[in-house]
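Computed from the coordinates by the stated procedures, all read-outs in this text should not be read as laboratory data. Predicted, not measured: the structure shown is a model, and the values here were computed from it. In this analysis, Cβ positions are derived from the backbone assuming ideal geometry, glycine residues included, and neighbour counts consider all displayed protein chains.
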Amino acid sequence: MPRFLSATPDSGLIPLPWSLPLADWPESDLVALPRGISRHVVRFIRVGTSVYAAKELIEHAALHEYRMLQDLSRLDAPAVEPIAVVTCRLDADGLPLDPVLLTRHLEFSLPYRSLFYSGVRQETVSRLLDALVVLLVRLHNIGFLWGDVSLSNALFRRDAGQFAAYLVDAETSEIHDRLSDGQREHDLEIATTNLFGEFCDLESGRLLDASLDPADLVEQIRTRYDALWSELTGVEEFGGGELHRIENRVRRLNSLGFDVAELEVTTAPDGSTIRIQPKVVDAGHHTRRLLRLTGLDVEENQARRLLNDLDTFRARTGQQHADEAVVAHQWLHECFESVVRAIPPELRGKRDPAQLFHEVLDYRWYASQRLNYEVPLSDAVQGYIHDVLRGLPDEVMSADVAMPPEEAQLLNPFDPSQGFADDDEEPPFDPWEASATSPDAELLPDYLDIEALRRRSQG
Ligand SMILES: Nc1ncnc2c1ncn2[C@@H]1O[C@H](COP(=O)(O)OP(=O)(O)OP(=O)(O)O)[C@@H](O)[C@H]1O
Ligand SMILES: [Mg+2]
């Protein structure tokens, strides 16, 4: 009899064919979804309305990974959610089979390879790297040593114009009270080596644009990591007359998406100098604020974008002095939900609701520029559905999508590591990529810079 170790048991798991090696499971229990490269046998299985990722691996490793993922989930870090470890499996001849680790399938997540195709623009690659760096900094900040940092051990979700990265493979990781500089350095070195290999691999498969050099790309990891780490943890010293710099620091951290839970402020006995250092910072500044106001739980940059729209709504409806929670409720109903409701059900699998809303806002902005008047939201949604959404590939990858989109026919849909049936096919057309591929298109900064958007749209 198999044994289930689980904090959130799902009785639907019990009747599954545990006496078969995962590689031999019948297709009726599996879901074909895109997936990254892995050494172990990994399959997606459907249980009722849930989809889980199942990975077959030795007991010690399965239990370790399960516990690490549980710790991450308790610490609210971006990682896949552990569901169970199934041990004591025996095959039909009574011989032992390796345990299976089950995690919840991360909806709307993309393995990095599905974001690469020939001609993918530099900005996209940079944003992917940024997302990985933010993930690494967040993990290090809570004392988590990843040990096997790589693109294929992360999953990416669209997050407004950026990506949000999630940890998917915690087999080699360790958790400590805090990490030493040497430990962080260790992870960074592994990141550099692994990503260099992954970029070279993409290059040799002609999936990396010729203008991108693997060595330059991996160099960016360290630069960005160091910049973010020192902003989060660095000491700042200034004269006693510059007290506003304390607030500046907090605001800078907020705009990077972090809340300061504890800031150490030391003053020289004569008050001439002040020294500040953030001691505890929590990611998710905008996510938390939006959740508090509207109950929507979205990614950090999506939250930032939605909050901006909420502010605009408040100004447009002349409610600057009204209670924020009341206005938020109105905005949720009249703007956000009205857009989501307008999307035909068969197209909802293409983007998560917050991402849809963000893309409709972008669409409306460009349309308003072109037409020289403010296009109403209801018209913008219809235009977006017609001009953009219908042409996008499905990204939902949830319980109701059984097969990958037709344009990506895998040799064996249940084992994507075997590759595509026809590797020469055209990549799917993504108008968001296409609109920005012009060589002289100005690179947009990481925050919503209306001036830059205006310049770009005027081309
Ligand atoms: N919960 C999940 N949601 C979505 N995709 C997942 C999930 N778990 C695993 N995957 C997919 O399966 C792939 C392989 O998983 P994982 O990295 O854990 O396997 P592995 O064999 O341990 O890898 P490695 O070769 O690095 O040891 C991931 O890249 C990811 O694409
Ligand atoms: Mg892996």
> Rounded to a whole number of µm²/s, how large is the Stokes-Einstein D of segment 341-388 at 10 °C and 1.306 mPa s, given Rh as the Kirkwood radius over C-alpha pairs?
Replying inline: 146 µm²/s
> How much net charge surrounds SER378 when only the other residues with a Cβ under 11 Å from the Cβ of SER378 are counted, with Lys and Arg +1 and Asp and Glu -1?
Replying inline: 0
> Binned at 10 Å from 0, what are the whole-percent values of the Cα-Cα distance distribution for segment 3-104, short to long?
Replying inline: 15, 50, 31, 4, 0
> Based on the alpha carbon coordinates of segment 112-233, what radius of gyration and maximum Cα-Cα distance (Dmax) apply, in Å?
Replying inline: 14.0, 43
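Rounded to the nearest 500, what is the 222 nm mean residue ellipticity of the chain from helices alone, with -39500 (n - 2.57) per DSSP H run of 4+ residues and division by all residues?
Numbers: 13 runs with 176 residues, N = 459.
So the calculated ellipticity at 222 nm is -12500 deg cm²/dmol.
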> Under a Cβ-Cβ cut-off of 12 Å, what is the net charge of the residues other than GLN183 that fall near it, where Lys and Arg count +1 and Asp and Glu count -1?
Replying inline: -4
>> With 30 Å as the cut-off, how large is the P(r) tail for the chain, expressed as percent of Cα-Cα pairs?
In response: 51 percent
>> Over 22 Å apart: what share of the alpha carbon pairs of segment 235-311 falls there, rounded to a whole percent?
In response: 37 percent
> Once you mark the chymotrypsin sites (Phe, Trp or Tyr not before Pro) that are in a DSSP loop and have at most 15 other Cβ atoms within 10 Å, what is the longest gap between them in the chain?
Replying inline: 1-372
